[in-house]
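Undergrad: One structure, as structure tokens, below. Some questions next.
Nothing in this text is a laboratory measurement; each read-out follows from the coordinates by a stated rule. No experiment lies behind these values; they were computed from the predicted model shown. Here the Cβ is made from the backbone with ideal geometry for all residues, glycine too, and neighbour counts use every protein chain on show.
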Amino acid sequence: MNKNLIYSFKGFVLAVLSIAAIKFITFIYTLYFTNKTANTDTIVKAPAPYFFVINERGKKLFQDSCSVCHSISMRVEGPTLENIEDRVTSCEILYEYIRNSKKVIESGDPYFTQLYEAFNKIQMKSFPNLTDSDIDDILIYINQYYENKYHKISSAAN
């Protein structure tokens, strides 16, 4: 046989073996890392932090129900609402207060009784029509507004 033909054949076999080895390594890699390679769209498209997006439903509910007497960061007729969830002992009491402030004050809750005294014994208007979902949206909006202000995010429409 011709030496050039032998070298060509060896080169061809070596190239085929190299391609087969690369294909085999790729196959093993995809089997081993299936979870990481299957959902590449979710890895690339990570959601933005919650404070970049304003809860529009909560904003509207806040404007319709709360903004007459409350501001998020400034005292108006009622207390400020930033960090309200940190000041109230439980969400159930907060939800009940929003729906029926008189009942909670009469029950003797220390925080709301002190608040009632501090604001010249003026009770908050009751909102019995607000659902848990409505109140959740309002609280989410308040938190988002506060976070946007605290982080000075100018791209968010407050």
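Undergrad: What order do you get for ARG57, ARG75 when you list them from fewest to most C-beta neighbours inside 10 Å?
TA: Arranged by neighbour count, lowest to highest, ARG57, ARG75 become ARG75, ARG57.
Undergrad: Oh, and also: Given a Förster distance of 30 angstrom, what is the FRET efficiency for LYS60 paired with GLU92, based on the Cβ-Cβ distance and rounded to 0.05?
TA: About 0.75, to the nearest 0.05.
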